[in-house]
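Structure, as structure tokens:
The values are calculated or read from the model by the stated rules, or taken from the named source; none is laboratory data. In this text the structure is predicted, and so the values were computed from the model without any measurement. Cβ placement follows ideal geometry from the backbone for every residue including glycine, while neighbour counts extend to all protein chains displayed.
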Amino acid sequence: MAESIGKITAHLAEPIEKISEEIISLINENIKPPDAVGPGDVFVRAMYVVSDEINSFGGRFPAEEHARLAALLIDSPVLVGHRKDKLPVARNFHTQLVTRDGSQWVKSYFYWLKNSEGAENLKHNIDGGIYKECSISFIYLLPECSVCGEDIRDCDHRPLQQLSTNGSRHIVHFNYRQIERVLETSLVYRGAQQNTAVTKELDLSFLNTASTQPLTIAKLSEMPQSDSYLVVPSYQGLPVIVSVEQGKISIRDSGGVLLKRPTSVFEKVTSLNGLESSRAVLLGLRGKQRCSQQELVSFINNEQSAVSRFEIKLLPDHNLSQDDFTISSGASKISIIRHAYVTYDQLRDTVSRLATREGCLIWTSADFLADGPGYNYCRDAQAELKTTFEISSCEGQDHYLMRFKRNEQSFSFILKQFNLNRLKHGGRFLAEAKDNGQGLISESVRSPQAVIISGTIEKIERRDKGYLLQFSEPLCGTFAIRPVRLGSTRQYLFYLKNENHLRAQR
């Protein structure tokens, strides 16, 4: 056989990265490049840039600051090694708050152009694990001491110092407070924050997450026109999905996460007359008294709570019998929620009949069938009773007494070394709770010539075992009362959290 010589040319085919239209929309909306980018124009990666752990400088981003930091990260540049003498290599365009390895993280998405110089090298170095850590440069005003709550530059505590209290050891650190601006994020050889990461694994579930919160309306005239409406009572509960899985009831939150504690309560319930999957409201109760949503969440998370039993209110479903029924599992119950299908002319009378103190939830028929969040109408939303607060000086001391009421419960706090001007400009003050829930502190503590600041509290919200207070005149802003532990003693920090309303006074 004659010898034959051939030549084959082969090319390694690398899969083309497909960037979704939703990602491209985020880039174009948040960055607003002069020439809009398309799916074939960019590379996209993400970085776990900040956690709530203590970094190598002794600083820490507490989880309650993550939302503000995430907002400031958008449209910040990405550098290499914090080299500000060189132009950015990429830009941050979207952020998420996520849990990773038991810590709370801010995850930032960034992009760069495929046709830019070094674009392929940057991609290969990230994906190949060469560029795998990151860092952040930012401006903040207050390094808050973790021990005393004061500016750590002025107190006697030192970052990374180890203290022993009642046999337990902890590390002194400072919290980054009053973050004003993110200057940049950088790809670095070693980050001050442990366990930072740069990744090509993109969690894009946020792109398909529709709002699950109903739109609050104050007037029925704000409802869109429809042939018919579904009206149900509104409760301080959690929206859930109830379904039958392997012959047993399961209860999942709106994100699909199994709620183990409620599910275990109803594990002996095996059927609901044709139920496959139904939207519902999960309520927490103590006796006949409905508890707050926060108390319910605490109970589900095995934390201290007033809740002692559950109720599930199933939203109407064509697979379920529309007859009233109640299925009990011990003291907990499942039933169909009270509801009515009505025309627009019947809305007002139906709302009056079904409304709770929280009002009613209303859907157009089409919106309900499409799993829309609906509308929350509360007829008393505009007439909600306001409560007052008072801050007055204490006799012979530089402490002040702050008092307010929440529902029928009174609260009193001693504010140490209080100064109104410092409060308005970001100062934080230790507060000691006095006789909370037992009536007001003795009037004799007040100075006869007390300097009194008083006004209206527009809103009180329970938050992380503390409170958020939205004051009107003369303070005008949202203030936090947040628990802190000093040694073995629990105290509180009182400070301005949101100064948007304060600008008019400056």
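List of remarks:
- Residue within segment 49-72 that is of a type in the set (Lys, Arg), buried (at least 16 other Cβ atoms within 10 Å of the Cβ) and at pLDDT 90 or above present: yes
- Checked against the criteria, VAL78 does not count as outside any loop (DSSP other than H, G, I, E, B), more than 22 Å from HIS124 (Cα to Cα), at pLDDT 90 or above and touching a Ser or Thr at 6+ places or on another chain (Cβ under 7 Å).
- Total residues in segment 31-48, condition at pLDDT below 90 and in contact with a strand residue (DSSP E or B) (Cβ under 6 Å, 6 or more places away or on another chain): 0
- Counted residues, segment 224-254 - those being among the acidic types (Asp, Glu) and either outside the structural domain of LYS333 (by TED's automatic domain parsing) or closer than 22 Å to ARG286 by Cα (or both): 1
- Close contacts from segment 211-227, counting a first residue that is modelled with pLDDT of 80 or more and a second that is polar (S, T, N, Q), with Cβ to Cβ under 8 Å and a gap of 6+ residues or different chains, come to MET223/THR364; PRO224/THR364; SER226/THR364; SER226/SER365; ASP227/THR343; ASP227/SER365.
- Any hit, segment 330-353, residues being outside the structural domain of CYS476 (by TED's automatic domain parsing) and either at pLDDT below 80 or on the phi > 0 side of the Ramachandran plot (or both): yes
- The number of residues in segment 84-104 being among the basic types (Lys, Arg), within 18 Å of VAL198 (Cβ to Cβ) and either surrounded by 13 or more Cβ atoms within 10 Å (Cβ to Cβ) or assigned by TED's automatic domain parsing to the domain that holds LYS497 (or both) comes to 1.
- Subset of segment 368-406 [assigned to a loop (DSSP other than H, G, I, E, B), at pLDDT below 70 and within 26 Å of GLN470 (Cβ to Cβ)]: ARG379, ASP380, ALA381, GLN382, ALA383, GLU384, LEU385, LYS386
- Single match in GLU120, GLU184 (criterion: within 26 Å of ASN28 (Cβ to Cβ) and free of Cβ contacts under 8 Å to residues at least 24 places away in the same chain): GLU120
- Note on segment 143-176: residues that are surrounded by fewer than 19 Cβ atoms within 10 Å (Cβ to Cβ), within 28 Å of the chain's Cα centre (by Cα) and part of a strand (DSSP E or B) total 3.
- Pair list, Cβ under 9 Å, 6 or more apart: segment 342-367 residue in contact (Cβ under 8 Å) with a residue 24 or more places away in the chain and part of a loop (DSSP other than H, G, I, E, B), other residue among the small types (Gly, Ala, Ser) and surrounded by 19 or more Cβ atoms within 10 Å (Cβ to Cβ): ALA355/SER234; GLU358/SER234
- Tabulated pairs, segment 256-269, first aromatic (Phe, Trp, Tyr), second surrounded by 12 or more Cβ atoms within 10 Å (Cβ to Cβ), C-beta under 6 angstrom, 6+ apart or interchain: PHE266/ILE249; PHE266/SER329
- Count of residues meeting criterion [of a type in the set (Asp, Glu) and either on the phi > 0 side of the Ramachandran plot or in a strand (DSSP E or B) (or both)] in segment 127-142: 1
- Taking the listed residues LYS123, LYS107, the one that is assigned to a strand (DSSP E or B), at pLDDT 90 or above and crowded, with 17+ Cβ neighbours inside 10 Å is LYS107, with no other qualifying.
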